[in-house]
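Reading through the structure tokens given below for one structure.
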Amino acid sequence: MSRSQQCVQCKGRGFCGLPKCPITSRFYAKLKEKPRPFESYMGESPSVFIGSYSYPRVAGGPMMTAQADDPEEWVRKGCSIDDIVAMRSSTVRGSKTLNAAAGKAFLARTADSIQEVAISQKPIDIEVAFEKPVSFDLKFDGTLAPVGLSGEIKKMDVLDNAFVPRIVDKITSDGDLRAVDGMYELFKGGIDVHHIQNVLGAGLLGIEKNRRFVPTRWGITAIDDSISRRLKSEIMKYPPISDVTVFSGAIHANHIVCMLVPGDWKFEMIEIWEKNSMWAGDSDVIVVDSETKKSKNDYSPIGGAYYSARLAVLEYLSDIRRNAEVILVRRATKDYWAPLGTWVIREATRNAMNSQPVKCEDTKEGADTVTKFCGGDTWLKHSRLYTELRTQKSLFDF
Amino acid sequence: MLKAAIDTEVFKEAVEVVAAIVSECRLNISANGLAVRAVDTANVAMISLELGAPAFNTFAAGDSQIGLDISKLKNIVASINKADVLTLDLPDGAYKMELAYGGFKYSISLLDVNTVRKDPNLPSIQLPGKVVIAGAELNNAIKAASLVSDKIAFGINPDNETFYMEADGDTDHINLEIKAADLKTFIPAEARSLFSLDYLKDMGRVMSKAEEVEIFLGKDHPVKFVFTIAGGEGKVEYLLAPRIESD
């Protein structure tokens, strides 16, 4: 495997064995203002973060920032990559050692206060004293949104009352409801994915004796995947869409082009990291993954982005109550200079699916349209599904 | 109307044969037995099943057509003990069919026939080549091919009298040749077509239980598999459209 191929699949998780990812650490130098160390924090906390390192003895705690923390909010406000990185640079991630073994999520005094932060839909005020002055260390990662500061918590108090939507209260109080069912109910109840992540992470979902803290990174993909599975079996009952349609949209230099073809659910995602883009080296790096109507077993080589994109496409199909075969191309250009998390792909795909679709005569014209939107046909020779669509005959052709 | 008793094993096999292609179908009931003909949503694969009255221990029926959720039925049948005898009961004009076995009574809701796709017409296709091989052998070839590729070619070479199956992956290649002398039946003809393993994998699993599978082939034409279940009382025909690479 070439170096850049490995980088594209690893996205900063340290597969190469170096102590620090050379790609993510170069963004560090790009930041002009680095905050001064401080010992305590009083202010808003919009969400919680649970680390995955040394699971099940993980570190977790509240995120501390007065700014919006919800990616869906960032998209609504039209924040640029620079805005987001600046915002996140001043965000503090508080941490306390937590035991993520089954059933441990109700214990511990800190757990209570973390859960209060997590369950609240609006940021709540907290007061935190740190063990040592917090200093600056911006971390990037392929799945998660970046964070600038982190500090170990000595003492934490919640000063405010949590604002809990009725459905969240109902689902989290139900100790007999499985976590997957809980997630789906919350999703159907209009709770955004970011808030479900918080609730799941803080160990507020699932059958009582199984409740545990869930590392944020795992939780994000777990939610994308579980909700998608439900939506997938739902759309399998619907009739196929009537025309070949192509959608296109972009957020933060991530271009999503999606072609829907009449037929039973099949999904293929082609991820193109353009030459000189973040994870790629001096040539384009392409990763492909796909699935059929059967459930997918192995973790995607594309990573969390695959599940996030699939969720957005399934949301659309479920809304229009139709089934389709889907080819989705993600093109990341060199302007996507810092990895912001898989939410970028979820939102970019949602953005694409909300765009005005281009109706095409057949798959050939559809492919030409995809090529036009992508600015190249590199995707074509990597797409197995397209070859299948073009070559598979129907019984009634004879 | 339908009132019948059948060995679970036999019924299970019949359900699995249909479930390999479609998730719902129309079930045609007549005094002669049960019959299904259905195509998948993409019109690529077709199943015809005729389960004759002698396959049942007791069988009494009048002409009717009902809509069945095959995937659901497959899950139910999977949970039944093989030794049990299953009784099917469907009164005239009922919306539910009753399955009884080993003390359990399972009543399953039927689908409105109008919401299930109409039975397709059998396409008229001339398939000149024919071979007969063991179902297990066919399934093994399909499984082997799926390790290297997503498609497999079936063909007959009339010159050296062989039947072959081959799969080409990006990097690997797999080939199985069987001489006419080792086949139960061999009718030579120039034949070679390419098929999607996506479909074949499910069909292969079902066919692996059949002692003999008749394979009808043509040049860039669909393939037809014919085999029997229920000790010869059930006849199954699968038809699968090819993939054509040169266009």
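The values are calculated or read from the model by the stated rules, or taken from the named source; none is laboratory data. Nothing here was measured: the structure is a model prediction, and the numbers come from that model. Neighbour counts run over all protein chains shown; Cβ positions are idealised from the backbone, glycine included. Areas reflect the complete protein model, heavy atoms only, side chains present, ligands, DNA and RNA absent. Shrake-Rupley method; radii C 1.70, N 1.55, O 1.52, S 1.80 Å.
Structure summary
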read-out	value
Among residues of the stretch B:198-224, those that are in a helix (DSSP H, G or I), within 19 Å of B:P123 (Cβ to Cβ) and away from chain A (no Cβ under 13 Å), counted	1
Any hit, the stretch B:16-23, residues being farther than 25 Å from A:T391 by Cβ and of a type in the set (V, I, T)	yes
Check on B:A230, of a type in the set (A, V, I, L, M, F, W, C), crowded, with 16+ Cβ neighbours inside 10 Å and in contact with a Ser or Thr (Cβ under 9 Å, 6 or more places away or on another chain)	no
Test: B:E237 is open to solvent by 20 Å² or more (accessible area, probe 1.4 Å), of a type outside the set (F, W, Y), part of a strand (DSSP E or B) and away from chain A (no Cβ under 14 Å)	no
Of all residues making up the stretch A:256-295, the number that are of a type in the set (V, I, T), within 21 Å of the chain's Cα centre (by Cα) and within 13 Å of another protein chain (Cβ to nearest Cβ)	1
Residue among B:F195, B:F163 that is more than 14 Å from chain A (Cβ to nearest Cβ) and either surrounded by 20 or more Cβ atoms within 10 Å (Cβ to Cβ) or under 24 Å from the mean Cα position of the chain (by Cα) (or both)	B:F163
Evaluation of B:F227 against (1) out of contact with any helix residue (DSSP H, G or I) (no Cβ under 7 Å at 6 or more places or on another chain); (2) more than 14 Å from chain A (Cβ to nearest Cβ); (3) not charged (D, E, K, R) (one fails), failing number	(1)
Residue within the stretch A:251-270 that is touching a residue at least 24 places away in the same chain (Cβ under 8 Å), among the small types (G, A, S), closer than 16 Å to A:T349 by Cβ and in contact with a strand residue (DSSP E or B) (Cβ under 8 Å, 6 or more places away or on another chain) present	yes
Any hit, the stretch B:136-153, residues being assigned to a strand (DSSP E or B), hydrophobic (A, V, I, L, M, F, W, C) and touching a residue at least 24 places away in the same chain (Cβ under 8 Å)	yes
Selection from the stretch A:308-318 of residues that are over 10 Å from A:R350 (Cα atoms) and open to solvent by 10 Å² or more (accessible area, probe 1.4 Å)	A:S318
Check on B:A14, open to solvent by less than 50 Å² (accessible area, probe 1.4 Å) and either within 14 Å of another protein chain (Cβ to nearest Cβ) or assigned to a strand (DSSP E or B) (or both)	no
Which listed residue, of B:L68, B:L99, is hydrophobic (A, V, I, L, M, F, W, C), assigned by TED's automatic domain parsing to the domain that holds B:D40 and closer than 15 Å to B:K3 by Cα	B:L99
Any hit, the stretch B:64-83, residues being open to solvent by 30 Å² or more (accessible area, probe 1.4 Å) and of a type in the set (V, I, T)	no
Counted residues, the stretch B:32-63 - those being open to solvent by 40 Å² or more (accessible area, probe 1.4 Å) and more than 13 Å from chain A (Cβ to nearest Cβ)	8
Any helices (runs of 4 or more DSSP H) falling wholly within the stretch A:321-398 and containing at least 1 residues that are modelled with pLDDT of 90 or more and more than 14 Å from chain B (Cβ to nearest Cβ)	A:343-353, A:363-374
Among (1) outside any helix (DSSP H, G or I); (2) open to solvent by 20 Å² or more (accessible area, probe 1.4 Å); (3) touching an Asp or Glu at 6+ places or on another chain (Cβ under 6 Å), the one test that B:I21 misses	(2)
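Condition check ((1) buried (at least 23 other Cβ atoms within 10 Å of the Cβ); (2) of a type outside the set (A, V, I, L, M, F, W, C); (3) at positive phi; (4) out of contact with any Pro (no Cβ under 7 Å at 6 or more places or on another chain)) across all residues:
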| residue | (1), (2), (3), (4) |
| --- | --- |
| A:S283 | no, yes, no, yes |
| A:T292 | no, yes, no, yes |
| A:D298 | no, yes, no, yes |
| A:P301 | no, yes, no, yes |
| A:V344 | yes, no, no, yes |
| A:A348 | yes, no, no, yes |
| A:V358 | no, no, no, yes |
| A:T363 | no, yes, no, yes |
